[in-house]
1. Share of Cα-Cα pairs in region 69-118 beyond 19 Å, in percent?
2. Tell me the label only: which of (i) 182; (ii) 146; (iii) 117 is volume of the Cα convex hull per residue in Å³ as calculated from this structure?
3. If the viscosity is 1.002 mPa s and the temperature 20 °C, what Stokes-Einstein diffusion coefficient in µm²/s follows for region 123-172 when Rh is the Kirkwood radius over Cα pairs?
4. Taking only DSSP H segments of four or more residues, each worth -39500 (n - 2.57), what value at 222 nm results for the chain once the sum is divided by all its residues, to the nearest 500 deg cm²/dmol?
5. Using amide H atoms built 1.01 Å from N in the peptide plane, name the residues 5+ places from LEU26, or on other chains, whose amide H lies under 5 Å from its own.
6. Spelling out what I want: for every residue of region 36-42, take phi, set θ = phi - 60°, compute 6.51 cos²θ - 1.76 cosθ + 1.60 (Karplus), and round to whole Hz; glycine and proline get x.
7. Would you calculate the separation in nanometres between label points at THR19 and VAL81, each defined as 7 Å from the Cα along the Cα-to-beta-carbon direction?
8. Quick one: work out Rg over Rh on the C-alpha atoms of region 1-52, Rh as Kirkwood radius.
Amino acid sequence: MTSYDADQVIAALIADFETHGAPLVLRLDRISCQRTPEVDQVLTRYQVLALHGPPRHPYYYGQLERQNREHRAWYTLLGAVPLHDLADAAQAMRTSLNALWPRPTLDGWTAEQAWCARKHVDVDRRELITDVEHCASRLIAAGLEALHARRIAIESALKERGLLTVNQGGWC
């Protein structure tokens with residue numbers, strides 16, 4: 001990969017969705033390569049809602065920032081990696097961070113253990129998307145910026161279905 005662009009985002013999303021299944025909601029940051037019509041088409045095809053956080057808001061992006069910090073630390077310890085070895089190095093990192101590292105925030109489980117033990121979520125994706133679109137449209141008509149309105153609509157729909165709780169505080 002020589003650049004981080006929409007094509008790279010799309011390839012990563014499709015690979016992830018095909019390997020692990022499509023999530024109901026995908027939390028993204030506001031980088032332009034994640035907000036293209038082509039990325040939106042992929043998300044629409046898999047019936048995934050894009051949740052973009054507020055700009056420059058570490059509280060909202062704390063989990064992503066923690067992951068970025070872990071990845072940077074891993075690659076710093078690893079040192080220079082030839083491009084042809086990068087995929088193997090990334091896989092080793094994923095295995096270590098997800099399958100081998102017990103996390104206090106997960107009651108001592110690894111991320112993989114928590115993922116495998118998760119409850120099945122049975123949600124009508126079309127109904128969820130329709131509810132989000134209606135709510136977002138009302139909020140936009142009331143004067144909210146589109147991404148903000150959509151974020152509120154998604155969070156509200158998930159809370160109503162018992163799929164989202166917000167925990168205040170903590171450090172990433």
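1. Every Cα pair in region 69-118 considered, those over 19 Å come to 34 percent.
2. Calculated volume of the Cα convex hull per residue in Å³: the matching label is (ii).
3. Taking Rh from Cα pairs, D becomes 184 µm²/s.
4. Value at 222 nm, helices only, nearest 500: -17000 deg cm²/dmol.
5. Here the answer is LEU49, ALA50, LEU51, since their amide H atoms fall under 5 Å of that of LEU26.
6. 10, x, 5, 5, 4, 5, 5
7. Here the answer is 1.2 nm between the modelled labels.
8. Radius of gyration over Kirkwood radius for region 1-52 works out to 0.93.
Every number in this text was worked out from the coordinates using simple rules, so none of it is lab data. Quick caveat, the model's predicted, so the values are computed rather than measured. Quick reminder, even Gly has a Cβ in these numbers, built from the backbone with ideal geometry, and neighbours come from all protein chains shown.
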